[in-house]
Amino acid sequence: MYWTLQLATQLDEAPWPLNKTELIDYAKRSGVDSQIIANLEELDDDGEEYESITDIWSEYAEWRERLEMAYDEDEY
């Protein structure tokens, strides 16, 4: 599975919580990058729901925070 911050942010607006099938359906309907759909298809399908993107890519929150801090510093 290959995630980047740019890919992961495309799922920010997903109507969480969602299971694997619902995530893939949402991604396809939303027209996200094909790499996201490929990543979602690699997820285990144990029937559980994912509460947010951090359940899929645990480093997301850390990377998002870094980006926001860098953006805030650039404003000044």
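The values are calculated or read from the model by the stated rules, or taken from the named source; none is laboratory data. What you see is a predicted model, and the numbers here were worked out from it, not measured in a lab. Neighbour counts run over all protein chains shown; Cβ positions are idealised from the backbone, glycine included. Please note that ligands, DNA and RNA were not included when accessible areas were found on the heavy atoms of the full protein model with its side chains. Shrake-Rupley method; radii C 1.70, N 1.55, O 1.52, S 1.80 Å.
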statement: Taking first residues from the stretch 12-36 that are within 16 Å of Trp57 (Cβ to Cβ) and acidic (Asp, Glu) and second residues anywhere that are open to solvent by 60 Å² or more (accessible area, probe 1.4 Å) and assigned to a loop (DSSP other than H, G, I, E, B), the pairs with Cβ under 9 Å that are 6 or more apart or on different chains are Asp33/Gln10
- request: Identify, from the list Leu18, Leu7, Leu11, the residue that is hydrophobic (A, V, I, L, M, F, W, C) and more than 19 Å from Glu65 (Cα to Cα).
  value: Leu18
